[in-house]
Amino acid sequence: MMKAALYYVPAYVLLDWLSYLHPVLPLAITPWNPPPGLSLALLLLYGLRQWPWLFAAALLAELLVRDVPVSWGWLAAATAAPALCYAGLAVVLLRVGRIDPQLRTLRDLTWLIGGALAAALLAGLAYVGVYTLAGVAVGGEFLANVLRFWIGDVSGLLVTAPLLLALAARHPWKARPERETWLQAASLLLVLWITFGIEFTDEFKFFYLLFLPLVWIATRHGFLGATLALALIQLGVIGFLQLGGYHARTVMEFQMLMLGLTVTGLFLGISVSIRQAAEDRLHQRESDLNRALRVAAAGELTQALAHELNQPLAAVANYARAGQMMLAGPERHDALLADTLGKIAAEAGRAGEVVHTLREFFGGGRLHLEACAVAQLVEEGLAPLIKRAERREVALRVSLPDGLPAVRADRVQIGTVILNLVGNALDALEGAGRTRPEVEIAAERAAQGMIRICVSDNGAGLAPDMRERLFQPFATSKVDGMGLGLAISRTLVEAHGGSLTLEGTRPARFCFTLPIDATAPRDQEATRP
Ligand code: ADP
C-alpha cells in the first residue's frame, strides 16, 4: 500500500503545480483544482488507511507551489482543513453511502457528486475561514472566496476522481481504439477550437456546443468515455483560457459552465454503462439458457435413443435365447435356426440404422429427404404409442383419403413430430374422464402443393395460460414435462418448408403441412397401414 502513496504524493504536487493557474491572491485559490480528486480516488481505491498521506501531500504542495504569506501554524491549519474534509468525504461515501468504488450504479454516482459538492463547500469554508482569521484574506470577500474555492475544488474533484475510478475499473488500454473513437476525439478538439480558438465566436455562447461531442462519446462509450471526454474538455478549456490570458473571474465563470457539463456527462455516461451491463447480463443469461437447452436436448436424445434401441436389442436377446434353446435340444432345427439368425441380423440392422440416422441428424442437422407415403409416416410415428393407447383404451383413428400424393420428408423427423403430437394427445386424455377417448390423425390436400396432417383428441383442451407460449421451449403444464416437444416439432416441420400450428383449443387440434413430393408420379397411391 506504500506503493500507491509513493506515486500519490509526487503526483499530487505535480498536479497542483500544473493546475496552479489564474490564482486569486493572496489565498492562491485556483479555478481548477484537481488534486483533491486524486486524494479521493486514493482513499476509495486503496482504503481509508491512506489518509495521513493526504495531509503530507497537501502540506508539501502548499510549501512548494503556493506562497501564502502566513506563519507555520496558520499554514498547517489551512492545509489540514480541506484534507480533513476530503478524508471525511471518503469515509462517508464508503461507510455511510456504502458506494462501490467502481461506480456501477446511479446511486453510487449520486452519492459521489452530492458528497463532493458538500465536502468542497465545507473545505472552502474552513480554508477561507482559517486565512481570514489569520488576517491574510479580507473579511468582506469571505463569500466570494468560498465560492471561488468551491467551484475550483468541485470541478477538480468531479473531473478527476470519476476518471481515475473509471480507469481503475475498466482498463481501457486493453482495447484498441476504433476509427469512431478517433473521430470522436477529433470532433471534441474541433468544437473546442471553434469555441475558444476562433476570434469571432463568443466563447460563452458557443460553450454549449461542447455537449455535442460529449453526448456522442458518452452514449457510445458509457461512463469511461464520458470521464475521458470531460478530462479532455477540461484540459482544453483551461489551456485555451491560459493562452488567451483571461481574467481569473472569467475562468471561474467558465468553470461554472464546466460543472454543468460534467454532471450531465457523468450521469449520461453511467446510464449508458448500466444499460450495457444489463444487456451483457441478458446475453449471459441467454447463453446459459442455450446451454440448459442443449443439456435438455441431450436428455431428450438419450431417452429417444434408449427407447429406439431397446426394442431391437430386446428382440435380438430373445432370438438369441431361442437359438440357444434350439441348439441345446436333442433335435436339429437347422431351418428354424437359420430363420432366427436372419431375424437377429435384421434387428441388429435396425438398431444400427437408428444410430446412423440420429448421428446424421445431430451431426450436421441434415435432412434426409425422400418421397414418403403419408400412411407410412403415420404408421411409423404411431408405432411406439400403440401399446400405450391400448392400455388406456384410447382409440387411434387414422383417416386418409384415397389417392393422397406422397410427401417429401425425412421419415425419422416427421415420425418424431407425429409421436410428439399423438403423445401429447394421449397425455391430455389421461384423467379427462371421457367415456370414449380417442385420437384422430387425418390428412388432406392443402393449397400450394402441400399436404396437411392433423392430430386431434377429445380431451379437456388447452389450459388457457398455455395458449400463448405453447411453442416456446420449456413451456409445459405437466409435472414431468420438458416443454420441448412442440418446440422441437415446429423446428422440424419448418425445416421441411411446412408449418405447425394450433387449429383448435377445446378440444386440442394441431396441424402441420408438408410439401408434396414433386418427383413422384402424380396421384401416387399411398399404401394404407
Ligand atoms: P410437454 O409435453 O413436455 O409438456 P410440449 O411442448 O409437447 O411439452 O407441450 C407443451 C404443453 O402444451 C403441454 O404441457 C400441454 O399443456 C399443452 N398441450 C400440448 N398438446 C396438448 C393437447 N393435445 N391437449 C391439451 N394440451 C396440450
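Read-outs: derived from the displayed coordinates by stated rules, not from any lab. Everything numeric in this text was worked out from a predicted model, so none of it was measured. With ideal geometry, Cβ positions are generated from the backbone for all residues, glycine too; neighbour counts draw on all protein chains shown.
Roughly speaking, what is the stretch gain from V96 to D280, that is 0.36 nm per residue apart minus the C-alpha to C-alpha distance, in nm to one decimal?
On the way: separation 184, 0.36 × 184 = 66.24 nm, distance 2.97 nm.
So the extension gain works out to 63.3 nm.
Quickly estimate the mean residue ellipticity at 222 nm for the chain, helices only: each DSSP H run with n ≥ 4 gives -39500 (n - 2.57), and the total goes over all residues, rounded to 500. Can you show the working numbers first?
Numbers: 15 runs with 329 residues, N = 529.
Result for the chain: -21500 deg cm²/dmol, rounded to the nearest 500.
If you take every DSSP beta bridge whose two residues both sit in the chain, what share of them, in percent to the nearest 5, is antiparallel? Could the numbers behind the result be given before it?
Numbers: 25 of 30 bridges.
Once the DSSP bridges in the chain are tallied, antiparallel ones form about 85 percent.
Highest first, please rank the peptides 440-446, 203-209 by the mean number of other Cβ atoms sitting within 10 Å of their residues. Spell out each step's value before the answer.
Numbers: 440-446: 17.3, 203-209: 14.7.
In decreasing order of mean packing, 440-446, 203-209 become 440-446, 203-209.
With +1 on each Lys and Arg Cβ and -1 on each Asp and Glu Cβ, and nothing else charged, work out how big the dipole of the range 346-478 is about its Cα centre, in Debye to the nearest 20.
Working: 17 positive and 18 negative charges, 37 e Å.
So the magnitude is around 180 debye.
When ranked by the protection proxy of mean other Cβ atoms within 10 Å per residue, highest first, what sequence do the peptides 34-41, 419-426, 235-242, 511-518 form? All intermediate terms of the calculation are to be shown ahead of the outcome.
On the way: 34-41: 26.9, 419-426: 22.6, 235-242: 18.4, 511-518: 19.9.
Result, highest mean first: 34-41, 419-426, 511-518, 235-242.
What distance in nm lies between label points placed 7 Å from Cα along the C-beta direction at R332 and L25?
Distance between the two pseudo-spin positions: 12.9 nm.
Hey, what do the phi angles of the range 450-455 turn into as Karplus ³J(HN,Hα) couplings, whole Hz, using 6.51/-1.76/1.60 and θ = phi - 60°, x for Gly and Pro?
My calculation for the range 450-455 gives 10, 10, 9, 10, 10, 10 Hz in order.
Calculate, for A320 and E444, the FRET efficiency according to 1/(1 + (r/R0)^6) with r their C-beta to C-beta distance and R0 35 Å; round to the nearest 0.05.
The pair A320/E444 has a calculated efficiency of 0.20.
Provide the FRET efficiency to the nearest 0.05 for the L167-L48 pair, computing r from the beta carbons and using R0 = 22 Å. Could the numbers behind the result be given before it?
Numbers: r = 21 Å, r/R0 = 0.94.
Efficiency, from the Cβ-Cβ distance: 0.60.
If I model a spin label as a point 7 Å beyond the Cα along the Cα-Cβ vector, how far apart are those points for F200 and L293 in nm?
Inter-label distance under the simple model: 6.2 nm.
Charges on Cβ only, +1 for Lys and Arg, -1 for Asp and Glu, centred on the Cα centroid of the range 234-314; of A292, G239, T264, which one is farthest towards the dipole's positive end?
G239
Could you please tell me the mean projected area of the C-alpha convex hull for the chain, averaged over all directions and given in square nanometres to one decimal? Walk me through the numbers on the way to the answer.
Numbers: hull surface 168.6 nm².
One quarter of the hull surface, i.e. the mean projection, equals 42.1 nm².
Give, rounded to the nearest 20 debye, the magnitude of the charge dipole that the chain has about its Cα centre when Lys and Arg contribute +1 at Cβ and Asp and Glu contribute -1 at Cβ. Could the numbers behind the result be given before it?
Values: 45 positive and 46 negative charges, 162 e Å.
Value, rounded to 20: 780 debye.
Please sort 12-19, 389-396 by packing, taking for each peptide the average over its residues of neighbouring beta carbons within 10 angstrom, highest first. Please list the in-between numbers first.
Working: 12-19: 19.0, 389-396: 14.1.
Ranking the peptides 12-19, 389-396 by packing returns 12-19, 389-396.
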